[in-house]
Amino acid sequence: MTDDYAAAFAALGAATLGESGGRPMAPRIRPAWRGARVSAPAFPVNCSTADNLAIHVAVAEAPTGSVLVVNVGHEPARGYWGEVLTTGAEARGLRGLVIDGGVRDVDALEAHGFPVFSTMIALRGATKQEPGRIGGTAIVGEVEVAHGDWIVADTDGVTVVPNAHLDDVLAAGRARAEKEEHYFAELRAGRTTIQLLALDDSPIERD
């Protein structure tokens, strides 16, 4: 069933799901390299500020097939993730990373094809000695993410689908996609979005 969700959510995309009951993350979290996409269950990580020990532990212990979803504390401008962690994550079957902070080695991340979504590129490294927490929940991109929630991330951004509502959001997303296909056909036939959406255009002045 996990593979079914992965394919179905990926096909609909972050934008459609974000309008269908999913919870969009703040738009500051963007693909670290062009074309990055991921659809998989979340494994939350909470780091101490400027430290990534919790990320290293998560790479070693997170369930295969997970996306790490990381809160880095109050100093995002560090390279919390790079090629070394990517190589370790790939070897353990992890699917990607969503981090409310910086990453580095971006050309290498793209060469690996490892999906990473971050707020920035940052050179300065992190320490590896402070407390942290893995599993449970983390607030990332202004959304609370729980272990097992579904992450859908692509060019448009990142959407979180709560684990308790996977089927409801999937059904709503499919219905929205079908409705938009109808709109496309009507627009090509000459109708306007004003007509299709029954918009009131009276507030618009015309010179």
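Just so you know, all these numbers are worked out from the coordinates, no wet-lab data involved. These numbers were taken from a predicted model, which means no experiment stands behind them. Note that we place each Cβ from the backbone using ideal geometry, even for glycine, and neighbour counts take in every protein chain shown.
Estimate the FRET efficiency between Leu199 and Thr155 by the formula 1/(1 + (r/R0)^6), using the beta-carbon distance for r and 35 Å for R0, to the nearest 0.05.
0.80
Helix-derived [θ] at 222 nm for the chain: sum -39500 (n - 2.57) over DSSP H runs of at least 4, divide by residue count, nearest 500?
Computed mean residue ellipticity for the chain: -10000 deg cm²/dmol.
Can you put Ile151, Ile204, Ile134, Ile121 in order, fewest other beta carbons within 10 Å first?
Ile204, Ile121, Ile134, Ile151
Using alpha-carbon positions, what is the distance between the centroids of region 114-173 and region 54-108, in Å?
11
How high is the relative contact order of the chain, given as a whole-number percent (alpha carbon pairs under 8 Å, six or more residues apart)?
Contact order relative to length: 30 percent.
Show me 66-72, 2-8 ranked by packing, highest mean number of other Cβ atoms within 10 Å first.
Taking the mean over residues of other Cβ atoms within 10 Å, the ranking is 66-72, 2-8.
Compute for the chain: radius of gyration divided by Kirkwood radius, i.e. Rg/Rh, restricted to C-alpha atoms, rounded to two decimals.
1.07
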